[in-house]
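Before any comments, here is the structure.
The values are calculated or read from the model by the stated rules, or taken from the named source; none is laboratory data. A quick note: this is a predicted structure, and the numbers were derived from the prediction, not measured. Positions of Cβ are generated from backbone atoms using ideal geometry, with glycine treated the same way; all protein chains shown enter the neighbour counts. Note: areas computed on protein heavy atoms with side chains; ligands, DNA, RNA excluded. Shrake-Rupley method; radii C 1.70, N 1.55, O 1.52, S 1.80 Å.
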Amino acid sequence: RCEGVRIVGKHDEGSFVSVGELVPLYDPMANYEEFDTNFMAIITDEPSPTGSGSRNIGLIADGEAGTSNGTQYDTYDGTTGARLEYFGYLFRETTKITTVKFTEGGHFASGGWFKNGDISVEALINGVWTEVETSVFPAYPNSNDMAAFGKSYETYTFTLTTPTDCDGIRVIGLAGGTGSFVSISELTVK
């Protein structure tokens, strides 16, 4: 366990070293003993956020809804404009899903939500992400104004109209606010 990793070495005087890419492989679920062993990976379109939330996407699967910046993950990275964001899971085996519970993270003056009610659930079926029909409770706000979203860390339960066999599941939509980002503290599937 560590807070970082690097490769160190010496080069000859007058020469240099180059690198094309360095990607550490790690298990974001390693700290969560209760994590369902059927999960293969946690997925997001923003693996390197720069906002005030945790940098560990694994916290969305720790079984605990957040209460502060350190217990939520957000997709803020300083870019703005229309951005499609998602959070989800890939499974080791095809799994029947009936319910997806999405618990938001914090709301900020510049974002932290899916805007204009643009949030849906997609299932990975035969290698294709496919939107599935759901009902949601409570209703997800249809706005891009922080005031419409009420308190932070609210849970929205998406019930699939038809239980669906899939190899992955995700919540997806357009990022909200002037900062175009979404926050999450927990994602539970059943």
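Rounded if a/c is under 1.5, else prolate if a/b beats b/c, else oblate: with a ≥ b ≥ c from the C-alpha gyration tensor eigenvalues square-rooted, which is segment 116-190? Don't jump to the answer; show the numbers that get you there.
Working: a/c = 2.16, a/b = 1.75, b/c = 1.24.
The shape class here is prolate.
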Self-check item: Integer Hz, Karplus 6.51/-1.76/1.60 couplings in order for segment 148-161, x for Gly and Pro
Solution: 6, 8, x, 6, 6, 6, 7, 9, 10, 9, 9, 9, 5, 4
Practice problem: For every other residue with a beta carbon closer than 10 angstrom to the beta carbon of LEU84, add +1 if it is Lys or Arg and -1 if Asp or Glu, then tell me the sum. | Solution: -2
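I'd like to check one number: the per residue accessible area of segment 48-129, probe 1.4 Å, reported in Å² as a whole number. Don't skip to the end; give the middle numbers.
On the way: 3490 Å² over 82 residues.
Normalised by residue count, the accessible surface of segment 48-129 is 43 Å².
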Quiz item: Once amide H atoms are placed 1.01 Å from N in the peptide plane, what residues at a sequence separation of 5 or more from GLY168, or on another chain, have their amide H within under 5 Å of its amide H?
Solution: PHE91, LEU124
Quiz item: So, counting K/R as plus one and D/E as minus one, what does the shell of residues with Cβ under 14 Å around PRO49 add up to?
Solution: -3
Exercise. Could you go through segment 79-96 in sequence order and give the Karplus-derived ³J(HN,Hα) for each residue, using 6.51 cos²θ - 1.76 cosθ + 1.60 with θ = phi - 60°, rounded to whole Hz, and x for Gly and Pro?
Key: 8, 10, x, 5, 9, 8, 10, 8, 9, x, 9, 9, 10, 6, 10, 4, 10, 8
Self-check item: Net charge of neighbours whose Cβ lies under 15 Å from the Cβ of VAL128, counting Lys and Arg as +1 and Asp and Glu as -1
Solution: -3
Quiz prompt | Ordering of 108-120, 62-74 by packing [mean C-beta count within 10 Å, highest first] | solution = 108-120, 62-74
